[in-house]
1. Quick one: which residues, 5 or more positions from A:TYR74 or on another chain, have an amide H under 5 Å from its amide H? H modelled 1.01 Å from N in the peptide plane, none for Pro or chain starts.
2. Over the range A:509-629, what is the mean sequence separation of C-alpha contacts under 8 Å (at least six apart), divided by residue count, expressed as relative contact order in percent?
3. So if I restrict to the alpha-carbon atoms in chain B, what is the Rg, and what is Dmax, the biggest pairwise distance, in Å?
4. What ranking of A:VAL694, A:VAL411 emerges when the number of other C-beta atoms within 10 Å of each C-beta is taken as an exposure proxy, fewest first?
5. How high is the relative contact order of the range B:1-45, given as a whole-number percent (alpha carbon pairs under 8 Å, six or more residues apart)?
6. Quick one: putting +1 on the C-beta of Lys and Arg, -1 on the C-beta of Asp and Glu, what dipole do you get for the range A:509-629 around its Cα centre, in Debye to the nearest 20?
7. If each residue of separation counts as 0.36 nm, what is the full-extension length gain between A:LEU84 and A:GLU412 once their alpha-carbon separation is subtracted?
8. For the Cα atoms of chain A, what angle does the longest principal axis make with the long axis of helix A:589-606, in degrees from 0 to 90, nearest 10?
Amino acid sequence: MDQITTNPIVIGIDAGGTMTDTILVDQDGHFKIGKSATTPKNEAEGFLASAEDAADAWGISLQDLFSGVNVVLYSGTGMLNTLLSRTGRKLGLITTKGLEDMILMGRGLQAWADYSYADRLHAVTHHHPDPLVPRRRTHGVTERIDQFGDVVLPLYEQEVHAAAKKLIADKVEAICIMTVFSHVNPAHEKRIAEICREEVAAAGADILVYTSHEVRPVIREQSRLNSVLIEAYATSRGRKQLKGIEDVSKKYGFKYGVQTLLSFGGLTSINHPRLHETMISGPIGGILGAAYVGKLIGNDSLICSDMGGTSFDMGVITRGQTRIENEPLMDRFKLNVPTLHLDTIGAGAGMILKVDPLTRKVSLGPESAGSDPGPICFAKGGTEPTIADCDAILGRLNPHYFLGGKVVLQVEKARKVFEEKCARLLGVGVEEAAEGMIDMLEADANNALRRVISGQGIHPSEFTLLSYGGSGPLHLAGCSRGIGFKDIITFQFAAAFSAFGCTTADFMRRHSVSTQIDIGAGASDDELQAFGAKVTGVWNDLTKAAVDEMVADGHALDKIKTVPFLMMRYTGQLEDVEVMAPLSALRSADDMRKVIAEFEAVYAKVNHRVSRYGEAGFSITELGLIATADKVKPVLLKRALGKSDPAAAHKGVREAYIGGRWHKANLYEMNLLQPGHEVIGPAIIEHPATTLVVHPQDRVHVDEWTLLHYTHA
Amino acid sequence: MTSYSKEVIADLVAGTLPWPQTRRIMSAYKDDDRFFKYVAVLQERVGWKDPILLPVGDHLFICQSGDERVTKCECGHSFGDYRRNWKLKAAIIVRDSEETLREIYPNSDLPDPDWMEIREFICPQCGTLHEVEAAAPGYPIVHDFEPDLEGFYRDWLGKPLEPLNKGD
């Protein structure tokens, strides 16, 4: 990896809450990573600093970097920050009369989602997120369309005129429209939008109009409402941040448009018409990267686990299937955006440790010290002990090599505060207390992994665990102990794995619409054929919409591949599974049967074959289409295995406290490990951006792809 | 271990602390010195000098007044010894008819005045509404709370009260 002669062609950048990670990839799949603090006010600064860090590692200038690459892809936090800081557009809402209070009531779970278990139980802490539209700018208009799409009450247009006039007088910047069952029949929403646009034009105002059926024509009005509101509320600033990224890229010679990541795992240009689909993109990169590595190592059942400063995210790929979550939460708003499913618990190196002086109960977090002020050992003003401080106290983190030495860890300072605030209260020694804290964190993560796996109904021995994120390898041993994974893998580029995953994505569009198609268990051939025709009709409309958007983004028509999909369930069930259609058009009863057979196969994979229940009939709740176009991807380099002695990477010995006593742990430089090398614990493998702790008698061997395999003794 | 500045406690009492901070305080372990800061904040709010011993309502306090411990309104009006039910010395409005209940529930259903009456306890000096109780007609005025002040200060706050000079 040291004699790179080509220049990078892909830059992948993932801006997280704390750090912005960069990965550079060349046409042969070589890569280098860079890191810098995220700058939420102007993301372009952090973007550039992180890119420069990576360019330095590669040994080229920013100018050379940007002028040479074909793809810049960036997943940022601009929209999320707009939402969190409530600094978006001033909105007005027109909805079906009688539903005006929907905005205040929200979903019950929005009052406590993301809370710790203790806070969930204490209703006094429950609190709805501040609404994006105040009640006084919400207007109900008389109209009603039922679930079949039939007009029950006509639209009272004079009420729409009055509402629009009122909103214009209130000087809103955007009007959102959401009526019930508009996903079945959008006629009223369309007419309301027309009237609003007339009124806006008549008043000579500059106000945007958003309708829920255009943003996401799917069932469940509360999530549909949140989707349209967030789209209207946060996109303008989010797009501005993305535009800022594109501008600095172009300033340094980048010739094309910047791409961003969709929550369901594809790339799109920053001019994407539904930008809220890019809001939950950061952790998604990890799952994409995992799928890619899974192909390499020949296992399609993977658990990916990402531990950073605040949270521990787990994604599951079960026999090649990724789960799609249709109503994810965003800042405690339920949204209607298909998202790769992730389980998250609060567990990370930044977690603040507390000991109750009365009961001596220890609690981890849920607060995190973040990057500012950060742990005590950063000496940036942090006063509360964190897990990272424990890692430093126990010699697991190298005080002079954190972020490659950019931050010198103040171990003594951390030790002093930890002793005073934790160890002394518990009445045990500093090391014992510190290791106990780490054990608790790792036990939390370990339990969470077990829970996620048992939810799949598959034995852990089928799964490979991929561990990444800045603190993933640091706590890998404890997180994975005793579960019995088939294999445990971490990476030299663990800290930028999500950014790496982003670079493995293709350009993508995903269009879908809710449907209500119930196929009886004993449907006749004629009925099946009629259902097939109905499905094909919807797919054709969606194909046109998706392909048109991609062509508008500059993709050649012949490079675009489309795959239709269905969300199906056994009639009466509450959850869908996503089925990739085996055919793009259903012309006969047999074609329809093939689709049903595919659903049953997927269902049996995701659940278990004995849980199939065709006697109930089949329901298609959503039809959709995924359009993709290829992109250059990094290729991991395969090299012959060398000798197992890792002496070439050895760089010294350090005292580290593991398992109740101090050990002389061998230190290795992660980037110098070569295929074939084998490290036996106690050892610490260091990288500027991450640290892998190898417990006594555990082993790490490096395979031909330079992936690090961890084996428990 | 946990501790907040007096300004933060003052904002908390006044209800002007931002919600996220309020929730952080609610979710954390109780701050050790909260009670005394809380009382100090209240002491600054009232216009009199008698030391507050225990708040018993939004505007009602038990305080040390010379050799006595009395229940006192924020305005300074004394309801007498704290061990006696202060409500007996308050001005009372009793709502026990449809007409009087309708005054406070103009738009909704009413309780049946044959089964329940509403009693409002008001400071005779400043007119502050200190307490409202709902009871069956004829039921004696409820004595809500007689605190064990000595026990509370000694066992829970770890700061025993000065014994009173006079016996009761």
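1. Answer set, sorted by chain and number: A:ILE13, A:GLN259, A:THR260, A:LEU261.
2. On the way: 208 pairs, mean separation 56.9, N = 121.
This gives 47 percent for the range A:509-629.
3. Just the Cα atoms of chain B yield Rg and Dmax of 19.0, 55 Å.
4. Values: A:VAL694 26, A:VAL411 17.
Ordered from fewest to most neighbouring Cβ atoms within 10 Å, A:VAL694, A:VAL411 come out as A:VAL411, A:VAL694.
5. Working: 25 pairs, mean separation 26.8, N = 45.
About 60 percent, as a whole number.
6. Values: 13 positive and 18 negative charges, 69 e Å.
So the magnitude is around 340 debye.
7. Working: separation 328, 0.36 × 328 = 118.08 nm, distance 3.63 nm.
Here the segment from A:LEU84 to A:GLU412 would lengthen by 114.5 nm.
8. In chain A, helix A:589-606 runs at an angle near 30 degrees to the longest axis.
FYI, it's all coordinate maths here, none of it is from the lab. The model shown is predicted, which means the values in this text are computed figures rather than measured ones. Backbone-built Cβ (ideal geometry, glycine too); neighbour counts: all protein chains shown.
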